[in-house]
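See structure below.
The values are calculated or read from the model by the stated rules, or taken from the named source; none is laboratory data. Predicted model, so just to flag it, every value in this text is computed and none were measured. Cβ: placed from backbone, ideal geometry, glycine included. Neighbour counts: every protein chain shown. Side chains are part of the model used for accessible areas, which takes the heavy atoms of the whole protein and leaves out ligands, DNA and RNA. Shrake-Rupley method; radii C 1.70, N 1.55, O 1.52, S 1.80 Å.
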Amino acid sequence: MFETLAAAPPDPILSLIGLFRDDPRPGKIDLGIGVYRDAAGHTPILRTVREAERRLYESETTKTYVGPAGDPAFCAAVAGLVFGEAHPGDRLRAVQTPGGAGALRVLAGLIARSRPGVTVWVPDPTWVNHISILADAGLPVRPHPYFDPATGGVRVDAMLDALRGAAPGDVVLLHGCCHNPTGASLTAADWDAVCDVITSRNLFPFVDLAYQGFGDGLEEDAYAVRLFARRLPEMVVAVSCSKNFGIYRERTGAAFVLATDAARAAVAHSQLVVVARITYSMPPDHGGAIVRIILADPSLTADWKAELAAMRGYVVGHREALAEAFRRRTNTDRFDFLTTHRGMFSLLGTTPEQAARLRAEHAVYIVADGRINLAGLRDDQIEPFVAAVAAVCG
Ligand SMILES: Cc1ncc(COP(=O)(O)O)c(C=O)c1O
């Protein structure tokens, strides 16, 4: 059976975990995988998550199946968080999914069922798994300009031009906030312009919202999704609760479909349930139950928002500290773009060779494309990291 298979290439991000773990050098620095870490270098369990788990342990009465659509109360709670005042009512339907990646996969499957072979435009660059997930669903992917390495910002005009050249009905995958891997974000005015092009070209938005609350705030980071929900007839949104609730391994997310009317939404939802059923049958319950419990209790919700704000503040603080350290070390403002980026990531502008040298010569682990996870950097690692980058980049 397996003699026709070639070994899969190692995942560029996940392979760093093993390399880092096996590196005996003291002072090694891991800015690879995209998880939040606190000042002690630890990925904590939030106190509100602990409290929700305690309540769940005491109140849970069964472990029977949840069904392919997951828990409707979880879906409704996440809809409130994501769509807020812009909730489009019964034109919006959801299923609970195994993480944001599960949401992306079932939505890609839904699109492939509805419009086989439709082109999906993705930012250049994008999260590598986007391309694999879309390709696995049989959808051709085309890049549109996004990141400008010269400025560290977004090539908004080039992006809009490319989208104006898309065929009516094409799908546009957009990072709702905190772009991965670049960190470079669209402004509200940019989003308005993107929305105009989507309308005028009759494109279909596919929004990936994996970091709500890690950029500028829960409301601010939902700007694009809410704008689209108000102004556009249709879209899909993949939501992850992994980062903002810190429940990465519980595999918690949601897939939303917005349709022109409630009847079409119900039909799309029924197909989404089928895709979920044949893909993984049903989502795991534990993470969804945690989120539902937190969002159902106003005092737990308020405390969770405070915990999220602290994580956000920690990363933003690191951006300032890192840019300042680079300023002192290089006598230039070359790395000031770090302060304009949002979310856990930034593209540093290093080449794959420089990333390999950082690892080999300085025990600094960054992704080959130059992505760094700012939440992975402890305060005492800022200076050694900056020295290593300066040594390698000259
Ligand atoms: C842009 C983006 N989308 C989606 C995901 C999926 O997150 P998860 O499946 O862990 O919830 C990630 C995770 O790294 C991501 O970076």
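Here are the numbers for this structure:
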item: Computed over the chain: relative contact order in percent, which uses C-alpha pairs under 8 Å that are six or more apart; result: 26
item: Cα radius of gyration and Dmax for the stretch 118-224 (Å); result: 13.1, 35
item: Nearest-10 value in Å² for the accessible area of Lys243, using the 1.4 Å probe; result: 30
item: Highest-fluctuation residue, Glu353, Glu60, Glu85 considered, GNM on the chain with Cα pairs under 10 Å; result: Glu60
item: Hits among lysines - C-alpha to C-alpha of Lys63 under 28 Å, sequence gap 8 or more where chains match; result: Lys243
item: Selection from Leu19, Ala108, Asn202 lying farthest towards where the dipole of the chain points positive, charges on Cβ; result: Ala108
item: Karplus 3J(HN,Hα) series, Hz, for the stretch 53-66 with 6.51 cos²θ - 1.76 cosθ + 1.60 (x for Gly, Pro); result: 5, 4, 5, 5, 4, 7, 10, 5, 10, 8, 10, 5, 4, 9
item: Whole-Hz ³J(HN,Hα) from phi, Karplus 6.51 cos²θ - 1.76 cosθ + 1.60, for the stretch 207-213, glycine and proline x; result: 9, 9, 10, 9, 9, 4, x
item: Residues Ala263 and Ala40, FRET efficiency given R0 of 30 Å [Cβ-Cβ distance, rounded to 0.05]; result: 0.05
item: Hz values of 3J(HN,Hα) by residue in the stretch 253-270 - Karplus curve (6.51, -1.76, 1.60), Gly and Pro given as x; result: x, 8, 10, 10, 10, 10, 10, 5, 8, 4, 5, 5, 4, 5, 5, 4, 4, 5
item: Tail weight of P(r) past 26 Å, computed on alpha-carbon pairs of the stretch 65-296, percent; result: 30
item: Contour minus Cα-Cα distance for Ala167 and Glu85 (0.36 nm per residue); result: 26.3 nm
item: Solvent-accessible area of Thr64 with every protein chain in place, 1.4 Å probe, in Å² to the nearest 10; result: 100
item: In Å², nearest 10: area of His175 left accessible to a 1.4 Å probe; result: 20
item: Cut-off under 5 Å, modelled amide H: who pairs with Trp121 long-range; result: Arg142, Val171, Val172, Leu173
item: List Arg55, Arg164, ordered by accessible area with a 1.4 Å probe, largest first; result: Arg164, Arg55
item: Nearest-0.05 FRET efficiency for Gln271 and Thr62, computed from C-beta distance (R0 22 Å); result: 0.15
item: For the chain, alpha-carbon Rg relative to the globular expectation (2.2 N^0.38 Å, N residues); result: 0.98
item: Helical mean residue ellipticity (222 nm; -39500 (n - 2.57) per DSSP H run of 4+; nearest 500) of the chain; result: -14500 deg cm²/dmol
item: Share, in percent, of DSSP beta bridges within the chain that are antiparallel, nearest 5; result: 50
